[in-house]
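Asks: Structure provided below as structure tokens; questions to follow.
The values are calculated or read from the model by the stated rules, or taken from the named source; none is laboratory data. Everything numeric here is computed off the predicted structure, so don't read it as measured data. Every residue, glycine among them, receives a Cβ derived from its backbone with ideal geometry; neighbour counts consider all protein chains shown.
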Amino acid sequence: MIALLANSTTLTKEKIIPVIAFIKNAHGLVMRQSGEPYYTHPIAVAKLIANSYHL
């Protein structure tokens, strides 16, 4: 995920890593019915916003 965000936006790994840690900490071990961790959604939204504002 870090590489995907770093390669598809202008954000650096140094900025991405703490954000992902914050998101995972905030959502803990919450899982979707599909079994996928919930934190994948906020990360995907962050990527969309970053791309929209050319970050």
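Asks: Can you list residue pairs whose Cβ atoms sit under 7 Å apart, with the first residue in region 32-55 being closer than 14 Å to Leu5 by Cβ and modelled with pLDDT of 85 or more and the second being assigned to a helix (DSSP H, G or I) and aliphatic (A, V, I, L, M)? Count only pairs 6 or more apart in sequence or on different chains.
Replies: Pairs found: Tyr39/Ile23.
Asks: Let me ask something additional. Name the single residue, out of those in region 1-28 being in a helix (DSSP H, G or I) and of a type in the set (Gly, Ala, Ser), that is surrounded by the most Cβ atoms within 10 Å (Cβ to Cβ).
Replies: Ala6
Asks: A further question follows. Working only within region 29-43, note down all residues that are hydrophobic (A, V, I, L, M, F, W, C) and exposed (fewer than 13 other Cβ atoms within 10 Å of the Cβ).
Replies: The answer is Leu29, Val30, Met31.
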